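For reference, the structure is listed below as structure tokens.
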Amino acid sequence: MKIVHVVGTGTIGEPLIGLLADNKEHFGIDEVTFHKRTPLVTEKAKVEDLVRRGAVLTVDDNRKATFEELGHAPKYETIEAIERATVVIDCTPVGNQMKEEYYAMARGPLGFMAQGSEYGFGKMYARGINDEALQVADDRFLQIVSCNTHNIAVLVKALAMDPDGTNHLVDGRFLCMRRANDISQDGGFVASPEVGGHGYGRFGTHHARDAHDLFSTLGYDLNVYSSAVKLNTQYMHSLHFALTLDREIDLAEIRERFDANTRIAVTHKKSANQVFSFGRDHGYYGRILSQAVVALETLDVRNGNEIVGFSFTPQDGNPLLSTIAAMLWYIHPESMEKRLDILRRYLFPEI
């Protein structure tokens with residue numbers, strides 16, 4: 001039995017559970033289970049729809065009765081669901097705590113994954129960036145990097161690195177302009193732009209640190225620095241980048257490099273709401289799985305070797321692709337690429 005167990009039903013967990021359930025046969029999965037911690041009447045419909053699509057509900061034993069009072073029919077309890085799973089994907093903000101309490105002692109699963117906020121959970125991974133760094137014998141725990149880290153990493157890979165791995169990056173500067181909260185969330189919104197500090201030494205914010213650590217799995221030591229500001233919007237994150245190379249480059253080559261990278265979308269749109277709307281209409285349940293959406297009109301080359309521009313971040317979407325890829329690497333490594341084909345329709349060359 002190939003069983004994938006997802007912990008959490010938030011902004012990443014919910015679409016991931018649906019994606020796995022909808023494509024279970026294609027991914028070669030026998031069962032999809034998911035854990036929900038808190039019984040909420042406001043989320044009853046969400047849980048029931050995931051069950052309708054074929055996912056199996058798991059809850060803590062001491063909350064089973066409350067879930068049943070809401071009309072749910074949970075099948076497994078927490079530890080049982082973890083132990084019987086082939087792969088466990090943690091989509092909560094307490095992945096490291098869960099690792100200490102449950103995952104490190106579990107003998108059943110081949111692998112565990114946590115999402116971007118859980119620094120130190122395991123080897124960092126992003127699809128198309130460091131696939132060759134994964135080692136079956138060593139990497140039972142993986143951290144899928146955050147959405148903005150995906151954006152930074154794919155820009156560096158496309159613009160500053162050659163196909164043979166030669167690194168031309170002298171300096172990378174990034175300003176992450178983050179949406180205040182997801183459209184599904186009521187809390188966390190801000191009334192005006194809110195700037196963040198630089199608490200991560202040579203990297204500024206965790207976004208550059210995580211991109212550095214992601215590439216360090218391949219032996220690189222990148223000179224990257226990031227800042228962050230939270231904006232009063234619910235649409236999308238956006239990123240300003242400035243990459244200084246050790247060689248000259250022009251706009252024609254930049255466009256060629258973007259066209260050659262299937263995980264980068266380009267756009268003539270200049271507003272996040274228009275890109276977001278495209279995802280709503282054409283993405284997987286509104287999600288764009290591309291790792292970056294580069295605004296072509298913003299690209300420029302300064303002093304012959306400094307590339308500047310803006311890129312929108314498909315939050316929720318780009319970690320989904322990496323999560324599915326890592327899951328398949330654990331379960332079906334020999335057919336991983338073929339099984340990913342079903343998602344390539346959501347990797348847009350242009351938006």
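The values are calculated or read from the model by the stated rules, or taken from the named source; none is laboratory data. This one's a predicted model, so the numbers in the text were calculated from it and none came from an experiment. Glycine also receives a Cβ, built like all others from the backbone with ideal geometry; neighbour counts cover every protein chain displayed. Note: accessible area is taken over every heavy atom of the protein model, side chains too, but ligands, DNA and RNA are not part of it. Shrake-Rupley method; radii C 1.70, N 1.55, O 1.52, S 1.80 Å.
Below, the figures for the structure above:
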item	result
Residue within region 159-173 that is touching a Gly at 6+ places or on another chain (Cβ under 8 Å) and of a type in the set (D, E, K, R) present	no
Criterion violated by Leu218 - all others in (1) open to solvent by less than 30 Å² (accessible area, probe 1.4 Å); (2) among the hydrophobic types (A, V, I, L, M, F, W, C); (3) at pLDDT 95 or above satisfied	(1)
Options Ala228, Ala265; residue that is under 23 Å from the mean Cα position of the chain (by Cα), in a strand (DSSP E or B), over 17 Å from Phe174 (Cβ atoms) and modelled with pLDDT of 95 or more	Ala265
Residues located in region 215-237, provided they are within 24 Å of Asn305 (Cβ to Cβ) and touching a residue at least 12 places away in the same chain (Cβ under 8 Å)	Phe215, Leu218, Tyr220, Leu222, Asn223, Val224, Tyr225, Ser226, Ser227
Residue list for region 243-254, filter: surrounded by fewer than 19 Cβ atoms within 10 Å (Cβ to Cβ) and either in contact with a strand residue (DSSP E or B) (Cβ under 8 Å, 6 or more places away or on another chain) or in a loop (DSSP other than H, G, I, E, B) (or both)	Thr244, Asp246, Arg247, Glu248, Ile249, Asp250, Leu251
Some residue of region 32-44 being open to solvent by 10 Å² or more (accessible area, probe 1.4 Å), in contact with an Asp or Glu (Cβ under 7 Å, 6 or more places away or on another chain) and not in a loop (DSSP other than H, G, I, E, B)	no
Top-ranked residue of region 49-83 - restricted to ones that are of a type outside the set (A, V, I, L, M) and assigned to a loop (DSSP other than H, G, I, E, B), ranked as farthest from Arg107 (Cα to Cα)	Gly71
Failed item, numbered, when Asn181 is tested on (1) in contact with a Leu (Cβ under 8 Å, 6 or more places away or on another chain); (2) open to solvent by less than 20 Å² (accessible area, probe 1.4 Å)	(1)
Residue list for region 315-350, filter: in contact with a Lys or Arg (Cβ under 7 Å, 6 or more places away or on another chain) and either of a type in the set (A, V, I, L, M) or open to solvent by less than 20 Å² (accessible area, probe 1.4 Å) (or both)	Asp316, Gly317, Leu320, Leu321, Ser322, Ala325, Leu328, Ile331, Leu347
Verdict on Thr267 being of a type outside the set (Phe, Trp, Tyr) and out of contact with any Asp or Glu (no Cβ under 9 Å at 6 or more places or on another chain)	no
Test: Ile324 is among the β-branched types (Val, Ile, Thr) and either touching an Asp or Glu at 6+ places or on another chain (Cβ under 7 Å) or under 14 Å from Lys2 (Cβ atoms) (or both)	yes
Total residues in region 287-308, condition under 20 Å from the mean Cα position of the chain (by Cα), open to solvent by less than 30 Å² (accessible area, probe 1.4 Å) and of a type outside the set (A, V, I, L, M, F, W, C)	2
Failed item, numbered, when Ser226 is tested on (1) touching a Gly at 6+ places or on another chain (Cβ under 9 Å); (2) farther than 22 Å from Gly196 by Cα	(2)
Region 157-179, residues that are in contact with an Asp or Glu (Cβ under 8 Å, 6 or more places away or on another chain) and either assigned to a loop (DSSP other than H, G, I, E, B) or modelled with pLDDT under 95 (or both)	His168
Members of region 184-200 found to be surrounded by 12 or more Cβ atoms within 10 Å (Cβ to Cβ) and out of contact with any His (no Cβ under 9 Å at 6 or more places or on another chain), listed by number	Gln185, Phe189, Val190, Pro193, Glu194, Gly196, His198
Strands (runs of 3 or more DSSP E) contained entirely in region 275-340, each with at least 2 residues that are within 23 Å of Asn167 (Cβ to Cβ) and charged (D, E, K, R)	300-302
Candidates Glu48, Glu83 - the one that is open to solvent by 40 Å² or more (accessible area, probe 1.4 Å), within 15 Å of Gly8 (Cα to Cα) and at pLDDT 95 or above	Glu48
Matching entry among Met327, Met336 (being without any contact (Cβ under 8 Å) to a residue 24 or more places away in the chain and aliphatic (A, V, I, L, M))	Met336
Subset of region 309-344 (residues that are touching a strand residue (DSSP E or B) at 6+ places or on another chain (Cβ under 9 Å) and of a type in the set (D, E, K, R))	Asp316
